[in-house]
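Notes follow the structure.
The values are calculated or read from the model by the stated rules, or taken from the named source; none is laboratory data. Being a predicted model, the structure only gives us computed values, none of them experimental. Every residue, glycine among them, receives a Cβ derived from its backbone with ideal geometry; neighbour counts consider all protein chains shown.
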Amino acid sequence: MALFDCTIEATSGHARALSYETAHGTFHTPMFMPVGTSATVKGITVDQLHQLNSQVVLANTYHLSMRPGADLVEEAGGVHKFMNYDGPMLTDSGGFQVFSLADTLKLDADGLTFRSIYDGSYVRWTPESNMHIQEQIGADIAMQLDQCTPYPAERSFVANAVDLSANWARRCLAAHKRPDQTLFGIVQGGMELDLRLESIRRLREIEDESLAAGGRRFGGFGIGGYSVGESHEVMFETLGQVARALPEDRPRYLMGVGNPTTLVRAVREGVDMFDCVLPTRTARMGTAFSSTGRMNMRNAKFTRDFTPLDHSCTCPTCQNYTRAYLRHLVKQNEMLGAILLSVHNLHFLLDLMRRAREAVLAGEYEQFYEEWMNSPAAKDY
């Protein structure tokens, strides 16, 4: 396979099994990506990521550009060498973080100015400078700079964000030159189906213009602007139509979503890739995913429960530690408690997507979906 080739290995209904070639190896979908915001998945070593069969790790352009700085990461040989991870990586543009700082943000047609959360200094980004930073960091996949809208939001505000994101997509695609890195465009449009379809139309148009001029195409597409406060049902009113309006020959990446049931439902709608801080963040709060639904390990009912965390799980935590011990660690605010639950929660999502892929390859995704939705595990939020 050539670099950034995407192969559709199987479909089952709208669910897909893809393989995608990067400079750091091939990844297979459906797939969950652990989030390593600052070039580390919180509490998890690189060796543990390999043991968990993690494929792609996500890092964040905003945070790495602030600390330790993109120049330093580049000097280290790029983010892979900096964190000693040899698998595929993806960098978010940092746009979500910037637009969440609305009280310090100044936006114009050319770019944006914001204050760093680290030292209060003012930082200027344009689509072109953002591409340069992501090329310095050196992940296999970069994301365009876009405007993510909150929920709820006025339609006029969302429409303006779609227009701005499209204009920036054009500039990002023109500025992005690193040959061993590909760029994903991002669909915006809030909960408005017609605006999301317009966003996709604009991305296709931008790509056609680029190719006609001898430029590059998008290596895949992010679906942004969901999971920003709306209910799951509101998201699923439009998600399937949006995913299936994207080109079939490249990955579709639902950004910032990590509930197990949401992943199972989204794969059924044609989504391929996911990322979220949820598995490690909930672990630090003492919560575990499980085959019987979410478990609050602070609960007194686990005090003398000397059985595995999840009887159906094969992760190192479940194979070696009891509910009673994990509750003890959580109650004592011991670092190890958050680490062991993070290992378990990451394994839970990674293994869930592995089983989803097996179901697609077997042509049995609808059966997999029905079994999941009728199981206690589906009650995860």
Worksheet item: Got a sec? Which strands (runs of 3 or more DSSP E) wholly within the stretch 60-149 have at least 2 residues that are touching a helix residue (DSSP H, G or I) at 6+ places or on another chain (Cβ under 7 Å) and either surrounded by 23 or more Cβ atoms within 10 Å (Cβ to Cβ) or not small (Gly, Ala, Ser) (or both)?
Response: 89-92, 112-115
Response to the item:
Going through the stretch 4-49 in order, the residues found to be closer than 19 Å to ILE141 by Cα and acidic (Asp, Glu) are ASP5, GLU21
Item to complete: Please state which one of GLY190, GLY220 is within 21 Å of GLY138 (Cβ to Cβ), in the same structural domain as GLY111 (by TED's automatic domain parsing) and within 19 Å of the chain's Cα centre (by Cα).
Response: GLY220
Fill in: Options PHE236, PHE218: the member that is in contact with a helix residue (DSSP H, G or I) (Cβ under 6 Å, 6 or more places away or on another chain), under 24 Å from MET31 (Cβ atoms) and among the aromatic types (Phe, Trp, Tyr)
PHE218
Item to complete: Check whether at least one residue in the stretch 72-80 is acidic (Asp, Glu) and in contact (Cβ under 8 Å) with a residue 40 or more places away in the chain, and report yes or no.
Response: yes
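So is ALA338 assigned to a helix (DSSP H, G or I), among the small types (Gly, Ala, Ser) and under 19 Å from GLY43 (Cα atoms) or not? Let's see the steps before the verdict.
Details: assigned to a helix (DSSP H, G or I): yes; among the small types (Gly, Ala, Ser): yes; under 19 Å from GLY43 (Cα atoms): yes.
So ALA338 passes the test.
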Worksheet item: Name the pairs whose Cβ atoms lie under 7 Å apart, with the first residue in the stretch 309-325 and assigned by TED's automatic domain parsing to the domain that holds LEU349, the second basic (Lys, Arg) and at pLDDT 95 or above, and 6 or more positions between them or separate chains?
Response: LEU309/ARG323; ALA324/ARG304
Response to the item:
Filtering the stretch 210-232 down to residues that are basic (Lys, Arg) and touching a strand residue (DSSP E or B) at 6+ places or on another chain (Cβ under 8 Å) yields ARG216
Discussion item. Among the residues that make up the stretch 270-280, is at least one of them in contact (Cβ under 8 Å) with a residue 12 or more places away in the chain, in contact with a Pro (Cβ under 7 Å, 6 or more places away or on another chain) and either closer than 16 Å to MET353 by Cβ or not β-branched (Val, Ile, Thr) (or both)?
Written reply: yes
Discussion item. Filter the stretch 26-48 down to the residues that are in a helix (DSSP H, G or I) and either within 15 Å of the chain's Cα centre (by Cα) or in contact (Cβ under 8 Å) with a residue 40 or more places away in the chain (or both) and list them by number.
Written reply: GLN48
Worksheet item: Applying the selection to the stretch 322-352, what residues are surrounded by fewer than 22 Cβ atoms within 10 Å (Cβ to Cβ) and farther than 20 Å from GLY258 by Cα?
Response: THR322, ALA324, TYR325, HIS328, LEU329, LYS331, GLN332, ASN333, GLU334, MET335, LEU336
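Tally up the residues in the stretch 322-352 that are charged (D, E, K, R) and touching a Cys at 6+ places or on another chain (Cβ under 9 Å), please.
1
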